[in-house]
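Peer 1: Would you mind keeping the following structure in view while I ask a few things?
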Amino acid sequence: MLSIKNLHARIEENGQEILKGLDLDVPAGQVHAIMGPNGSGKSTLSYVLAGKEDYEVTDGSVTLDGEDLLELGADERAAKGVFLAFQYPLEIPGVGTMTFLKATLNAQRRARGEGELSTPDFMKLVKKNADELEISMEMLKRSLNVGFSGGEKKRNEILQMALLQPKLAILDETDSGLDIDALKVVSEGVNRLRSPDRSFVVITHYQRLLNYIKPDVVHVMSKGRIVRSGGPELALELEANGYAEYVEAA
Amino acid sequence: MNSIVRPIKTAAETALVEQFTAAKASLPGDKSVRETAFGAVVEGLPHRRVEEWKYTDLRALMKDAKPLAAAPGKAEIEAAKASAPFASVRKPDALLVNGALVELGAMPKGVEAVSLAKAYADNHPLLAKFGEAGAPGDNAAIALNTAFVSDGLLLTVEAGAKIDEPLHLAFVQQGAGHAAYARVLILVEEGASLTVIESHTGKGAHQTNSYVELLAADKTDVTLFKLQNEDLATQHLATLAMKLGAEANLTTANVSRGSALARQQIFVKFEGDNTKASLNGISLSGGNRHLDTTLFVDHASFNCESREQFKQVLDGESRSVFQGKILVRQNAQKTDGRMMMRALMLSEGCEADLKPELEIYADDVQCAHGATCAAIEEDYLFYLMARGIPKKDAEAILIEAFIDDVLETVEDEALRGEIHAVTHDWLQARD
Ligand SMILES: Nc1ncnc2c1ncn2[C@@H]1O[C@H](COP(=O)(O)OP(=O)(O)OP(=O)(O)O)[C@@H](O)[C@H]1O
Ligand SMILES: [Mg+2]
């Protein structure tokens, strides 16, 4: 599914290198967790994968099912099935949430040569998924994320993921800001989407999330590289010992 | 050596003088009024060293003066009828083709409409009201209108009349290239309410000049909506001058989408206490076009409120000007005036000139103004694109979001839908 080899990326604006030879393979159907200290480059990795233009890839490759992702614009990557749940979902005044959801869904359908959804079908689909995530339709009438609480924004990200049914979902700290009940609801939302042809990269600081979303592999990222990989038990070890060892080693 | 260079008249200035000299004998009404008005431009058009025209140098921008429009023929009238906008909202109640009022529908009860041509012929008493809204007669756009205008409309809404259906005044241009002048006086008597839709459309490289005056008495409620969607080759000079009585309510929305050069002048005078006005505008420029909105709000009474909200979207090499001034006179205590102007710049080559001004002589007032110029927020764009929306569509969504709150001031849903269609059309036509 996702294959990253020797990825180097720097910030376009100041030339600072953030990703320094990162390797990562996520086979189809698997969930990989990435943990690591603040500033190690986790969000940067997620942005580079999603195609944000603030970063410049200077070396290495990223492929999704063998196709070069780095050649594609952000919208084209999304149409190929890449989805990023943002660490900080943006508030966009004046853009109605429903209008936005419909635009995203239909844009992807068009890009894949599928027909647009009719408004009633679209409404039904949103309602079903919103109910499952305990999101009120009232909230969706507002501007995108404007005035949403931190937790509501995160749920809204998962709602978008559920509607778009991506091939590769990258969740950047989706658990932060969620209360205990919301964490369960959101995790269940993610688990419902688990399937043999869908992969997840879950970035988190807390082992707790991984009790709900069971990872196949846990990676430690430090200073722009994956410095260790292991099974779910690695998360417990990190929880107990922290990152000191990796920060020194990297 | 003589260091004082007397400016040589431009082609347009020379042509205007010739036109006026040739036409004045046959123009209707009081000749001296026309002579006086023309006096303001006889020496030349305003240029960049004249403060109000600093950003819109009419002398440099107006390359020629088109001949005065002839009376429209049958074919032109039919074509104009077929092309008038807002058909789904309101068919034209008054149709002006090339400046001539060619059709006047039955007015609702409480409204009286007289063609200006007829009013001149009958020496109608309402003619004396021209200029009463207080806009400066020596302003070049106004002066030219006063000098050349021969048709238009006089509307009176009688006291207490509540006119539910909007009245649509459609100004349509047909033909290749002429100068068309039109003038409208709207007199709203005490306690009456009215909504007017003013549309300006058509084909051809014309020079249009419209002057709309509103005299709204006490306790009136008036909404004026204007769409300027003229041919992209036109020059459009327009003035909206309004005088408001006490405890009145006014809402205006101006959408400026067409023309190579357009200047919309808006003058408001608060003549009575406790009155509220909401003035809104959107301008959509592109190519090499130049759109100007010039606003003057005169708070001359106690406890009045004004809200000015203007948004400009610029693309290509276009230039967009917004200059707005709020004057609060000494007796206008408890004035509450807030003016906001924002420009969204979509290209490297565009230029926005924003000039907000407050001039306050009263001490117990609340006034504020703000101006912003910005490009599309890259992070917003990325968020939308990361969800699969192509760049052009993502930009369109963000541009519509930018003007959304101004559009919201248009209460009539069908009308709002029509304006959406206009902005949508502009978004599609962007290159
Ligand atoms: N656009 C940018 N401009 C300047 N610095 C940036 C930019 N993007 C990332 N950085 C810097 O790159 C480093 C990595 O940031 P990143 O957000 O990827 O870390 P992270 O691992 O996600 O951290 P956290 O756990 O706190 O979310 C940080 O030092 C950050 O300040
Ligand atoms: Mg991060």
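Here, each number is a calculation from the coordinates, and none is a lab measurement. Keep in mind that what you see is a predicted model, and the values were worked out from it rather than measured. Neighbour counts run over all protein chains shown; Cβ positions are idealised from the backbone, glycine included.
Peer 1: Checking the a/c ratio against 1.5 first, then a/b against b/c, what shape does the Cα gyration tensor give for the protein assembly as shown? Don't skip to the end; give the middle numbers.
Peer 2: Working: a/c = 2.55, a/b = 2.32, b/c = 1.10.
Because a/c hits 1.5 or more and a/b exceeds b/c, the protein assembly as shown counts as prolate.
Peer 1: At a 10 Å Cβ-Cβ cut-off, how would you order B:V114, B:V184, A:V247, B:V255, fewest neighbours first?
Peer 2: A:V247, B:V114, B:V184, B:V255
Peer 1: What is the distance in Å between the Cα centres of segment B:7-42 and segment A:2-49?
Peer 2: Measuring centre to centre over Cα atoms gives 72 Å.
Peer 1: For q values of 0.06, 0.10, 0.13 Å⁻¹, compute log₁₀ I(q)/I(0) with the Debye formula on a Cα-only model of chain B, without solvent.
Peer 2: Result of the Debye calculation: -0.24, -0.68, -1.19.
Peer 1: Right, here's the next one. Among bridges DSSP assigns within chain B, what percent are antiparallel (round to 5)?
Peer 2: So the antiparallel bridges in chain B amount to around 5 percent.
Peer 1: If you take each beta carbon of peptide B:345-358 and count the beta carbons of other chains within 10 angstrom, what is the mean? It would help to have the intermediate numbers written out before the result.
Peer 2: Details: counts 0, 0, 0, 0, 0, 0, 0, 0, 0, 0, 0, 0, 0, 0.
Averaged over the peptide's residues, the number is 0.
Peer 1: Could you tell me what a quarter of the Cα convex hull surface of segment B:376-431 works out to, in nm² with one decimal place?
Peer 2: Numbers: hull surface 16.7 nm².
Mean orientational projected area (segment B:376-431, Cα hull): 4.2 nm².
Peer 1: Sticking with this one: Peptide A:44-54: average number of partner chain Cβ atoms within 10 Å per residue?
Peer 2: Taking the mean over all residues of the peptide, I get 2.
Peer 1: Taking the 0 to 90 degree range and rounding to the nearest ten, how far is the long axis of helix A:119-132 tilted relative to the main principal axis of chain A, both from C-alpha atoms?
Peer 2: Once rounded, one gets 50 degrees.
Peer 1: Still on this structure, I have one more. Does chain A come out rounded, prolate or oblate, given a ≥ b ≥ c as the square roots of the eigenvalues of its C-alpha gyration tensor, rounded meaning a/c under 1.5 and, failing that, prolate meaning a/b above b/c?
Peer 2: Verdict is prolate for chain A.
Peer 1: Are there GluC sites (Glu not before Pro) in segment B:332-366 that DSSP marks as loop and that have at most 10 other Cβ atoms within 10 Å, and which are they?
Peer 2: Those that pass, being in a loop and sparsely packed, are B:E348.
Peer 1: Can you put B:K311, B:K392, B:K54, B:K269 in order, fewest other beta carbons within 10 Å first?
Peer 2: B:K392, B:K54, B:K269, B:K311
Peer 1: How much of the DSSP bridge set in chain A is antiparallel, in percent, rounded to the nearest 5?
Peer 2: 60 percent
Peer 1: Which FRET efficiency value, to the nearest 0.05, do you get for A:I180 and A:K5 by plugging their Cβ-Cβ distance into 1/(1 + (r/R0)^6) with R0 = 51 Å? Working shown, then result.
Peer 2: Values: r = 39 Å, r/R0 = 0.76.
With a Förster radius of 51 Å, E is 0.85.
Peer 1: Take every Cα pair under 8 Å in chain B that's 6+ residues apart, average their separations, divide by the length, and report that relative contact order as a whole percent.
Peer 2: Taking the mean separation of contacting Cα pairs over the length of chain B, I get 10 percent.
Peer 1: How many nm separate the modelled label positions at A:R110 and A:R194, each set 7 Å beyond the Cα in the direction of the Cβ?
Peer 2: Distance between label points: 3.6 nm.
Peer 1: Calculated FRET efficiency, A:E67 and B:N288, Cβ-Cβ r, R0 45 Å, to nearest 0.05?
Peer 2: 0.60
Peer 1: Here's a follow-up. For segment B:74-184, just say rounded, prolate or oblate: build the C-alpha gyration tensor, square-root its eigenvalues into a ≥ b ≥ c, call rounded for a/c under 1.5, and beyond that prolate if a/b exceeds b/c, oblate if not.
Peer 2: oblate
Peer 1: Counting other beta carbons within 10 Å of each Cβ, put B:S199, A:S195, B:S256, B:S347 in order, fewest first.
Peer 2: A:S195, B:S347, B:S199, B:S256
Peer 1: What does the highest-first list of B:334-342, A:147-155 look like by mean Cβ count within 10 Å?
Peer 2: Result, highest mean first: B:334-342, A:147-155.
Peer 1: Something else: Can you find, among A:Y206, A:T58, A:A103, the residue sitting farthest towards the positive end of the charge dipole of chain A, where Lys and Arg contribute +1 and Asp and Glu -1 at Cβ?
Peer 2: A:A103
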